[in-house]
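Since the structure comes first, as structure tokens, the remarks are kept for the end.
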Amino acid sequence: MAGKKFSEFTTGVAVTSNTRIAGYVNGGTTNNIWTPAELATGLQEHLTESFIVACSDETTDLAVADGVATFQLPYDFTLLAGKEGIRASVNTAPVGSAITVDIEMGGSTILSGLLTIDVNEKTSYTSSSIVAISTTALTQNTEIKVNIDQIGSGTAGKGLKVMFIGYKTI
């Protein structure tokens, strides 16, 4: 069975909402039973995807501005919690003060604690201020906007990118 695709075992099998799928979880010994919808939801939450949005060029100092990147998603997307769901990075670290970034969806912030890149750091992942996401459910065809609220006071950062990490919402 090793190396075979799921489709090789299910060819010609009709799957309905009444179908039940059995299997073991994490090498356990208890046989679990799932409906196709339960299995799809469980798998989806473990199949993360990410996308990176460039919010500036690589060589120009960042500037405080709203809408440095604006986009819409082609499907509903659920962010992972905290710094696992949204991260930022720069190729030149800020000096003097941190970089802070806000994310809006449909004109309202999705953060209750801003995305921060500390002084002399290049990533928000190691920030002393952990980002707090108040809205993890991003809606398709709704404008998402990245705003730069603060830049380094001595040396502004350069090359800002924001990463969104989560999964397609079923």
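The values are calculated or read from the model by the stated rules, or taken from the named source; none is laboratory data. If you're wondering where the values come from, they're calculated on a predicted model, not measured in any experiment. Glycine gets a Cβ as well: all are built from the backbone with ideal geometry, and neighbour counts include every protein chain shown. SASA here: full protein model, heavy atoms, side chains in, ligands and nucleic acids out. Shrake-Rupley method; radii C 1.70, N 1.55, O 1.52, S 1.80 Å.
Which of the residues belonging to region 109-127 are of a type in the set (Ser, Thr, Tyr) and touching a residue at least 12 places away in the same chain (Cβ under 8 Å)?
Within region 109-127, 109, 112, 116, 123, 124, 125, 127 meet the criteria.
For residue 97, the stated conditions hold: it is open to solvent by less than 30 Å² (accessible area, probe 1.4 Å), of a type outside the set (Phe, Trp, Tyr), assigned to a loop (DSSP other than H, G, I, E, B) and out of contact with any strand residue (DSSP E or B) (no Cβ under 6 Å at 6 or more places or on another chain).
Set side by side, the residues 60, 92, 70 differ, and just one is open to solvent by less than 60 Å² (accessible area, probe 1.4 Å) and either at negative phi or at pLDDT below 95 (or both), which is 92. For region 87-111, the set of residues classified as farther than 16 Å from residue 157 by Cα and more than 16 Å from the chain's Cα centre (by Cα) consists of 106, 107, 108, listed by residue number. Filtered by the rule that a residue be under 13 Å from residue 166 (Cα atoms) and modelled with pLDDT of 90 or more, region 35-57 gives 49, 50, 51, 52. If you go through region 74-89 and keep only what is open to solvent by less than 50 Å² (accessible area, probe 1.4 Å) and under 18 Å from residue 151 (Cα atoms), you end up with 88, 89.
Is it true that some residue in region 138-154 is open to solvent by less than 30 Å² (accessible area, probe 1.4 Å), of a type outside the set (A, V, I, L, M, F, W, C), at pLDDT below 95 and part of a loop (DSSP other than H, G, I, E, B)?
yes
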